[in-house]
Amino acid sequence: MQNLLVTGGAGFIGSNFVHYCVEHTGFHITVLDKLTYAGHRESLASLPADRVDLVHGDIADAALVNDLVPRADVVVHYAAESHNDNSLHDPRPFLDTNIVGTYTLLEAVRRHGKRYHHISTDEVYGDLDLDDPGRFTEETAYNPSSPYSSTKAGSDMLVRAWFRSFGVQATISNCSNNYGPFQHVEKFIPRQITNLIDGVRPKLYGAGANVRDWIHADDHSAAVLKIIEKGRPGETYLIGADGERSNQQVIETLLELFSLPAGAYDQVTDRPGHDLRYAIDSTKLRTELGWRPVVDSFETGLAATIDWYKANETWWRPQKAGTEARYVEQGQ
Ligand code: NAD
Ligand code: TDX
């Protein structure tokens, strides 16, 4: 059995990946997670104890990391400070975790000669104009906009340097916006779903013309497994499922799924420096590694996600009031 060390495995995408691995592979998984406001033990609670261990700790703790890395065959690095809005108010944790944390892991995988996969985002490429026919590819120049995306870009650069300078067997994937179960209510889709469950109108930043390229977390997990199994060290793979929608369209789809009128949302203060459009060309991943998204459509995935939030109120309810209070303070 292969042993995976999954950092950030108690967060949104990391926990979806751990669930996916338990269902689709024979891997044993050790999760290393600091359990920040974004990490939840409960997200892993239903998984078998002989398949998944949770270690509560910081990826920037070199002693801990050097204890865990030698026991793994592959390190998959999801842990991050992940929310753009938070990075605009307090960037420091983004530097500590996304840059220093990644550096600490890279030094450990270098020292112990381990395979490493780095989870990153399409936001490192900056944004596209709304009417630009192009999409991001592996050759697009880095041009991050926010403190969050600039620290992710910095961490990607560290990985590239550790591959070239030290021969670390590393791959990188840059994925578009994920949705699915276990996503923190600070993020766009779960914020609106939980508002609608509570009878509160969805909140759209500005005019809502900004476009995101949505992918279900399970399709992301399947792509990461393909890269771990068949990806070439030193290579970057873009992950996306052709899911472009404007924020306004997403809110209108949610309203329809809740049987509410299309205009029943509020426009709130826009995000400073708000990226206009992200769009991924995933040809390399599809042709070289044979990956395809399997979630039927965004609308089907969204309906299933709504059902999950309706059925799992005990998971999200404790996060909701504090998150909304912070948004209200910011006029959002
Ligand atoms: P998340 O905020 O839901 O989860 C992050 C997890 O990392 C949490 O469990 C948190 O406790 C943990 N963590 C934070 N700092 C840590 C530290 N110093 N040591 C150990 N654990 C720590 O984030 P997410 O949305 O699941 O994102 C996971 C990864 O995927 C990130 O690297 C992010 O950049 C990337 N990504 C996210 C998206 C998206 O749409 N959410 C898209 C592309 C890429
Ligand atoms: O209430 C809201 N209303 C709104 O219109 C919120 C919370 C967001 N938005 C907008 C801002 C964005 O255009 O929705 C879009 C999505 O917002 P977020 O969920 O905050 O995601 P985004 O900023 O696009 O970044 C996400 O995708 C890339 C993840 O949070 C990142 O971790 C990932 O790298």
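Applying a threshold of 7 Å to beta carbon distances and a minimum spacing of six or more residues, or different chains, the list of pairs starting in the stretch 3-32 at a residue that is part of a strand (DSSP E or B) and ending at one that is at pLDDT below 95 and away from ligand 2 (no atom under 16 Å from the Cβ) reads 28/1.
Whether a residue is surrounded by 20 or more Cβ atoms within 10 Å (Cβ to Cβ), within 15 Å of ligand 1 (Cβ to nearest atom), under 26 Å from residue 301 (Cβ atoms) and modelled with pLDDT of 95 or more was assessed, and residue 98 does not pass this test. Based on this model, can you work out whether residue 304 counts as within 16 Å of ligand 1 (Cβ to nearest atom), of a type in the set (A, V, I, L, M, F, W, C) and more than 15 Å from residue 192 (Cβ to Cβ)? It is false that residue 304 is within 16 Å of ligand 1 (Cβ to nearest atom), of a type in the set (A, V, I, L, M, F, W, C) and more than 15 Å from residue 192 (Cβ to Cβ). Residue 246 falls short of the stated requirement of being hydroxyl-bearing (Ser, Thr, Tyr), within 15 Å of ligand 1 (Cβ to nearest atom), crowded, with 16+ Cβ neighbours inside 10 Å and closer than 26 Å to residue 127 by Cβ.
Criterion first (of a type outside the set (D, E, K, R), surrounded by fewer than 14 Cβ atoms within 10 Å (Cβ to Cβ), at pLDDT 95 or above and outside any loop (DSSP other than H, G, I, E, B)) does residue 323 satisfy it? Considered against the rule, which asks whether it is of a type outside the set (D, E, K, R), surrounded by fewer than 14 Cβ atoms within 10 Å (Cβ to Cβ), at pLDDT 95 or above and outside any loop (DSSP other than H, G, I, E, B), residue 323 comes out as no. Restricting the stretch 155-190 to residues that are more than 12 Å from ligand 2 (Cβ to nearest atom) and among the hydroxyl-bearing types (Ser, Thr, Tyr), which is surrounded by the fewest Cβ atoms within 10 Å (Cβ to Cβ)? This residue is 165. Can you find a residue in the stretch 99-109 that is touching a residue at least 24 places away in the same chain (Cβ under 8 Å) and within 30 Å of residue 332 (Cα to Cα)? Yes, the stretch 99-109 contains at least one residue that is touching a residue at least 24 places away in the same chain (Cβ under 8 Å) and within 30 Å of residue 332 (Cα to Cα).
Per-residue answers, yes or no, for (1) more than 16 Å from ligand 1 (Cβ to nearest atom); (2) closer than 26 Å to residue 44 by Cβ; (3) among the polar types (S, T, N, Q):
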{"site": "138", "(1), (2), (3)": "no, no, no"}
{"site": "153", "(1), (2), (3)": "no, no, no"}
{"site": "161", "(1), (2), (3)": "yes, no, no"}
{"site": "168", "(1), (2), (3)": "yes, no, no"}
{"site": "174", "(1), (2), (3)": "no, yes, yes"}
{"site": "178", "(1), (2), (3)": "no, yes, yes"}
{"site": "184", "(1), (2), (3)": "no, yes, no"}
{"site": "199", "(1), (2), (3)": "yes, no, no"}
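For the stretch 105-120, the condition of being within 11 Å of ligand 2 (Cβ to nearest atom), under 15 Å from the mean Cα position of the chain (by Cα) and under 20 Å from residue 239 (Cα atoms) holds for at least one residue.
Hey, among 73, 50, 85, which residue is surrounded by fewer than 20 Cβ atoms within 10 Å (Cβ to Cβ), among the charged types (D, E, K, R) and either under 18 Å from residue 33 (Cβ atoms) or without any contact (Cβ under 8 Å) to a residue 24 or more places away in the chain (or both)?
Step by step, each of 73, 50, 85 is checked, and only 50 is surrounded by fewer than 20 Cβ atoms within 10 Å (Cβ to Cβ), among the charged types (D, E, K, R) and either under 18 Å from residue 33 (Cβ atoms) or without any contact (Cβ under 8 Å) to a residue 24 or more places away in the chain (or both).
Do any strands (runs of 3 or more DSSP E) entirely within the stretch 197-286 hold 1 or more residues that are touching a Ser or Thr at 6+ places or on another chain (Cβ under 8 Å) and of a type in the set (Lys, Arg), and if so, which? So the answer is 211-213, 244-246.
Is it the case, given these coordinates, that residue 310 is farther than 24 Å from residue 153 by Cα, among the charged types (D, E, K, R) and buried (at least 16 other Cβ atoms within 10 Å of the Cβ)? When the stated conditions are applied, residue 310 does not pass them. Checked against the criterion of being away from ligand 1 (no atom under 16 Å from the Cβ) and in contact with an Asp or Glu (Cβ under 6 Å, 6 or more places away or on another chain), the candidates 255, 276, 260 yield just one match: 276. The residue that is nearest to ligand 1 (Cβ to nearest atom), among those in the stretch 35-47 that are closer than 22 Å to residue 120 by Cα and touching a residue at least 60 places away in the same chain (Cβ under 8 Å), is 38.
Looking only at residues of the stretch 254-297 that are surrounded by fewer than 16 Cβ atoms within 10 Å (Cβ to Cβ) and of a type in the set (S, T, N, Q), we find that the one that is farthest from residue 148 (Cα to Cα) is 259. Hey, any hits in the stretch 120-129 for a residue that's touching a His at 6+ places or on another chain (Cβ under 7 Å), touching a residue at least 24 places away in the same chain (Cβ under 8 Å) and away from ligand 1 (no atom under 12 Å from the Cβ)? The answer is no; no qualifying residue exists.
The values are calculated or read from the model by the stated rules, or taken from the named source; none is laboratory data. The structure displayed is predicted, hence computed values, not measured ones. Cβ coordinates were reconstructed from backbone atoms using ideal geometry, including for glycine residues, and neighbour counts include every protein chain displayed.
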